[in-house]
Ligand code: ADP
Ligand code: MG
C-alpha cells in the first residue's frame, strides 16, 4: 500500500495560493569571482508549490541554501513571512526551523535513532517537551509510513525510507515552507515514487514548497509554477503545462529536449 495514503485526514481540496511568504528581491550571490545568482526576483505565496528546474550548475542549490541562510548573499533581500533573514543566533535557529530543508543525501543524524532524528529539533529549537515531541514525531513517522522503524538507525533503512524520515523531520518543526533540493536524485528508481507521493500529499495539504527536481510528473501533478534557471538567472516562469508544452527560451527548449 501507499505509505502516504494516511497523510490526509480529509479528502483533497485544492489550496488557494495566499499572500507572499518567501520574497527574493534583486538577489546576487558570488563564490569569489563566480556570479552564481544574478538579480534573482522570486515571490512564493503561502500554500504555493514552486518547482525549480535547470541544468547542473545553474544555481538551484545555492538558491535554496541562500533562502535557509546556509549561504550568505552579497546583495538584494530575502524576506520570510515579512521578516528579513536573521544572520545569527537564536533568530537564525528559528529561521532554520521555519524554513525546512530536505537534501539529496538525506543528511539524517547517523548516530541518532529515527525517532530521535525527528524530536531533537522540536525539543532544542521549539522548546517542546520530550513527551510532546515524541508523540508528534511518532505521528509524523506513521504518516510517512516509517512508524515501525522508529527505534532503528538511519543506515538500517532504505534510501526511500530515510528520505521520508527527512521529510518527517522537517515537518516536526512546523515549518512555514519546506525547500527540497533534488530529494529523489540519490534514490534507486523503485523508491522515487514513495517519496514523491509523500511530497504530493504535502502539496495538496497546503504546505508551501520550493522543490528543485527534474521529476516532471511531480511538477505536472503538484506544482503551481515552474521556474527555469540557467547560469544563475531565472529565464522562465510559467504554469507547468505551459512551460512543458511551450517553453519560450532556447535554453529551456534545449534543456527539456534532453530530459523529457
Ligand atoms: P545547481 O544546484 O543548479 O547544480 P549550484 O547552486 O550547486 O548549482 O552551483 C552553482 C554554481 O556555483 C556552480 O558553478 C558551482 O560550481 C558553484 N558553487 C556551488 N557551491 C560552491 C562553493 N561552495 N564554492 C564555490 N563555488 C560553488
Ligand atoms: Mg544542485
From the list 179, 202, which one is more than 16 Å from ligand 1 (Cβ to nearest atom) and closer than 24 Å to residue 94 by Cβ?
202
Residue check for residue 208: within 13 Å of the chain's Cα centre (by Cα), away from ligand 1 (no atom under 16 Å from the Cβ) and in contact (Cβ under 8 Å) with a residue 60 or more places away in the chain:
yes
Limited to the stretch 140-149, what total is found for residues that are part of a helix (DSSP H, G or I) and touching a helix residue (DSSP H, G or I) at 6+ places or on another chain (Cβ under 8 Å)?
6
Do we have any residue at all in the stretch 101-120 that's in contact with a helix residue (DSSP H, G or I) (Cβ under 9 Å, 6 or more places away or on another chain), away from ligand 2 (no atom under 16 Å from the Cβ), within 30 Å of residue 251 (Cα to Cα) and touching a residue at least 12 places away in the same chain (Cβ under 8 Å)?
no
Any idea how many residues of the stretch 24-56 are in a strand (DSSP E or B), in contact (Cβ under 8 Å) with a residue 60 or more places away in the chain and within 18 Å of the chain's Cα centre (by Cα)?
8
Sort through 5, 26 and tell me the only one that's more than 21 Å from residue 175 (Cβ to Cβ) and modelled with pLDDT of 95 or more.
26
Tell me, which helices (runs of 4 or more DSSP H) lie completely within the stretch 60-139 with 1 or more residues that are within 16 Å of ligand 1 (Cβ to nearest atom) and surrounded by 20 or more Cβ atoms within 10 Å (Cβ to Cβ)?
60-67
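I need a count of the residues in the stretch 44-67 that are within 21 Å of residue 175 (Cβ to Cβ), in contact with a strand residue (DSSP E or B) (Cβ under 7 Å, 6 or more places away or on another chain) and within 16 Å of ligand 2 (Cβ to nearest atom).
Number of matching residues: 10.
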Residues of the stretch 68-84 being in contact with a strand residue (DSSP E or B) (Cβ under 6 Å, 6 or more places away or on another chain) and within 14 Å of ligand 2 (Cβ to nearest atom), in sequence order, are 68
Checking residue 168 against (1) in contact with a helix residue (DSSP H, G or I) (Cβ under 9 Å, 6 or more places away or on another chain); (2) closer than 20 Å to residue 196 by Cα; (3) surrounded by fewer than 15 Cβ atoms within 10 Å (Cβ to Cβ): exactly one of these is not met. Which one?
(3)
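The values are calculated or read from the model by the stated rules, or taken from the named source; none is laboratory data. Here the structure is a predicted model, which is why all the values come from computation and not from measurement. As a convention, Cβ positions derive from the backbone with ideal geometry for all residues, glycine included, and neighbour counts pool all protein chains shown.
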